[in-house]
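Below you'll find the structure, written out as structure tokens, and then a few comments.
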Amino acid sequence: MNAKPRIAVHKFSSCDGCQLAFLNLGEDLLALAQRVEIVHFAEAGAVDPEAPVDIAFVEGSISTPDEQTRIQAVRANSRMLVTIGACATSGGLQALRNHADSAEWMARVYAHAEYIETLSTATAIADHVRVDFELWGCPVSSAQMLAAVRALLFGVTPVPEGDKVCLDCKRQHTVCVLVARGEACLGPVTRTGCGALCPRFGRDCYGCYGPSDNPNPDALGARLRGLGLLPQAVARRFRFIHSAQPALADAARRALGEDHD
Ligand code: SF4
Ligand code: SF4
């Protein structure tokens, strides 16, 4: 690694929210900027997308032909590649198109769909190139991102978080919204990393950090049915932000009785 590691932040199909999580580091970002050279981060002003770097952070899914080509160049120019956020790690909300006829949707939404260059699917970065580390969340947490950067700068592999959000509720003595209020919380199948942000504010988790290690969505689906949700509503919960993740996609199908594995 160079004396001053070079860092890039690349955007693919996304809303920019994870880049904002980077900017929201505030003073920590200024401190970081003294230890690294930020060579490409359009949202922060630096633009040199083809520069070779030590660490490339990638936000967004691969949803267009141009992005298919560009991600190969990013990979070739980067010693390490870290995905940031739901879109980059699993396809995100855009991957909902994978369950539909995208041409039909475009024709319904746009007056002149012929001007739009897009793929019929939205897919995770790891479906296209090797990824060294994934940061989940919609958006990622600034603290998690800083911890990952620190680890990588010290030459240490960051520790992936695989525990469920419920564990953080217990650690923080947060009242369970599923048990106490009958909310359709996805915390029992969702990886933590946010510190149980939503339950701490009295609302249900909607699964933005993706599936945890060893999730049991069928059991949670049965519990949600017990709360009065129709099978379609259970499937919709599982197909929200991480619909491309097999653990949740398969559970959604089973909830609808489309798969009897
Ligand atoms: S509120 Fe949700 S995440 Fe927290 S313990 Fe209950 S089910 Fe789990
Ligand atoms: S509690 Fe769930 S929905 Fe809320 S930020 Fe955490 S993972 Fe995302």
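The values are calculated or read from the model by the stated rules, or taken from the named source; none is laboratory data. A quick note: this is a predicted structure, and the numbers were derived from the prediction, not measured. Ideal geometry is used to build each Cβ from the backbone, glycine not excepted, and the neighbour counts take in all protein chains shown. Quick note on the areas: whole protein, heavy atoms, side chains included, nothing else; ligands and nucleic acids left out. Shrake-Rupley method; radii C 1.70, N 1.55, O 1.52, S 1.80 Å.
Of note:
- On the beta carbon distance between residue 4 and residue 76, with R0 = 22 Å, the FRET formula returns roughly 0.55.
- Mean Cα-pair separation over length for the range 1-68, i.e. relative contact order, pairs under 8 Å, 6 or more apart, %: 52
- Working from label points 7 Å from Cα in the Cα-to-Cβ sense, the residue 30 to residue 218 distance is 5.5 nm.
- Here the extension length gained between residue 126 and residue 143 equals 3.8 nm, from 0.36 nm per residue of separation less the Cα-Cα distance.
- What you get for the range 49-193, charging only the Cβ of Lys and Arg (+1) and of Asp and Glu (-1), is a dipole of about 600 debye around the Cα centre.
- Sorting 37, 50 on solvent-accessible area from highest to lowest, probe radius 1.4 Å, gives 50, 37.
- The range 1-142: Cα Rg divided by the 2.2 N^0.38 Å rule of thumb: 1.10
- Prolate/oblate/rounded label for the range 99-239 (Cα gyration tensor, a/c 1.5): oblate
- 3J(HN,Hα) couplings calculated from phi for the range 71-78 with the Karplus curve 6.51 cos²θ - 1.76 cosθ + 1.60 (θ = phi - 60°) are, in sequence order, 5, 5, 5, 4, 4, 5, 8, 10 Hz; Gly and Pro show x.
- Taken over the Cα atoms of the chain, the convex hull encloses 144 Å³ per residue.
- Largest GNM mean-square fluctuation across 169, 18, 87, computed for the chain with C-alpha springs under 10 Å, falls on 169.
- Part-to-part distance (alpha-carbon centres) for the range 179-227 and the range 49-119, which is given in Å: 28
- Summed side-chain charge close to residue 46 - residues other than residue 46 whose Cβ falls under 12 Å, Lys, Arg +1, Asp, Glu -1: -2
- Per residue, the solvent-accessible area of the chain (1.4 Å probe, heavy atoms of protein chains only, all protein chains present) comes to 49 Å².
- Helical content of the chain, expressed as a calculated mean residue ellipticity at 222 nm, amounts to -10000 deg cm²/dmol (DSSP H runs of 4 or more residues, -39,500 (n - 2.57) each, divided by residue number, nearest 500).
- Highest-first arrangement of 22-30, 152-160, 75-83, 7-15, where packing means the average Cβ count within 10 Å: 7-15, 75-83, 22-30, 152-160
- Across the chain, Cα pairs under 8 Å and at least six residues apart give a relative contact order of 16 percent.
- Of the residues 40, 99, ranked by 1.4 Å probe accessible area with the largest first, the sequence reads 99, 40.
- Charge-dipole axis of the chain as Lys and Arg at +1 and Asp and Glu at -1 on Cβ define it, positive-most pick from 158, 174, 129: 174
- Degrees between helix 217-226 axis and first principal axis of the chain (Cα, 0 to 90, nearest 10): 40
- Around the amide H of residue 164, modelled in the peptide plane, lie the amide H atoms of 192, all under 5 Å away and 5 or more residues distant in sequence or on another chain.
- With the charge dipole of the chain set up from +1 on Lys and Arg Cβ and -1 on Asp and Glu Cβ about the Cα centre, the Cα lying farthest toward the positive end among the listed residues 234, 202, 143 is that of 202.
- Accessible surface of residue 230 - all protein chains present, 1.4 Å probe, nearest 10 Å²: 120
- Summed residue charge, Cβ within 13 Å of residue 203's Cβ, Lys/Arg positive, Asp/Glu negative: 0
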